[in-house]
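One structure is given below, encoded as C-alpha cells.
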Amino acid sequence: MAQSINIINDLTPINKNWKIKVRIIRLWEVRNYNNPNVVDSIELVLVDEKGSRIQASIRKTNMQRFSNMVKEGLCRIIAKFGLISNIGKHRATNHSFKFNFFFKTVV
C-alpha cells in the first residue's frame with residue numbers, strides 16, 4: 001500500500017513516517033567558521049502545495065549522498081527524515097520544527 005503525501009503543517013516529531021511533496025525555494029551552504037573552505041551543511045527552505053514552509057538541513061556526513069538531488073526550483077517527494085525543534089536566532093521559517101536528512105532519507 002502506497003504511503004499518502006502529508007502537508008508541512010501536519011508534521012510533528014511524534015510520527016516518524018512522514019512523506020512530503022515540496023518545492024525547494026531556497027538553498028545555501030553553511031561554511032565552517034574556522035575554515036571557510038569547508039561546507040558544514042546545506043540548508044534548504046521547502047514549500048508544499050498549501051504554501052507552508054519548513055527548513056531542512058543536510059549535514060556534512062550526508063552531503064555527498066544528497067547534494068545532487070537538491071537544487072532550487074526542483075520539486076521532490078521526501079520521506080524518512082527526522083524532525084527537530086526549530087529554535088535559535090537564525091530561523092529561515094516560522095514552522096515549529098525543521099528536519100534533517102538522514103542516511104535512510106528517501107528523495
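What follows draws every value from the coordinates through simple rules; no lab data is involved. Computed from a predicted structure; not experimentally measured. Here the Cβ is made from the backbone with ideal geometry for all residues, glycine too, and neighbour counts use every protein chain on show.
Only a single criterion out of (1) part of a strand (DSSP E or B); (2) surrounded by fewer than 11 Cβ atoms within 10 Å (Cβ to Cβ) is not satisfied by Asn68, namely (1). Considering only the stretch 52-64, I want to know if a residue exists there that is among the basic types (Lys, Arg), loosely packed, with under 15 Cβ neighbours inside 10 Å and in a loop (DSSP other than H, G, I, E, B). Checked against the condition, which is being among the basic types (Lys, Arg), loosely packed, with under 15 Cβ neighbours inside 10 Å and in a loop (DSSP other than H, G, I, E, B), the stretch 52-64 yields no hits at all. May I ask you to list pairs of residues, at least six apart or on different chains, whose Cβ atoms are under 9 Å apart, with the first in the stretch 15-27 being surrounded by fewer than 18 Cβ atoms within 10 Å (Cβ to Cβ) and the second being among the polar types (S, T, N, Q) and not in a strand (DSSP E or B)? That search, which allows pairs on different chains as well, returns Asn17/Gln3; Lys19/Gln3; Lys19/Ser4. Any residue at all in the stretch 57-68 that's under 21 Å from Pro13 (Cα atoms) and either without any contact (Cβ under 8 Å) to a residue 40 or more places away in the chain or in contact with a Leu (Cβ under 9 Å, 6 or more places away or on another chain) (or both)? The answer is yes; a qualifying residue exists. All of (1) assigned to a loop (DSSP other than H, G, I, E, B); (2) surrounded by 14 or more Cβ atoms within 10 Å (Cβ to Cβ) hold for Val30 with one exception: (1).
Looking across the stretch 75-104 at every residue that is among the charged types (D, E, K, R) and not in a strand (DSSP E or B), the one that is surrounded by the fewest Cβ atoms within 10 Å (Cβ to Cβ) is identified as Lys89.
Close Cβ contacts (under 6 Å, 6 or more residues apart or on different chains) running from residues in the stretch 72-87 that are within 20 Å of Gly51 (Cα to Cα) to residues that are part of a strand (DSSP E or B) and among the aliphatic types (A, V, I, L, M) comprise Glu72/Ile24; Glu72/Leu27; Leu74/Ile24; Ile78/Ile20; Ala79/Val106.
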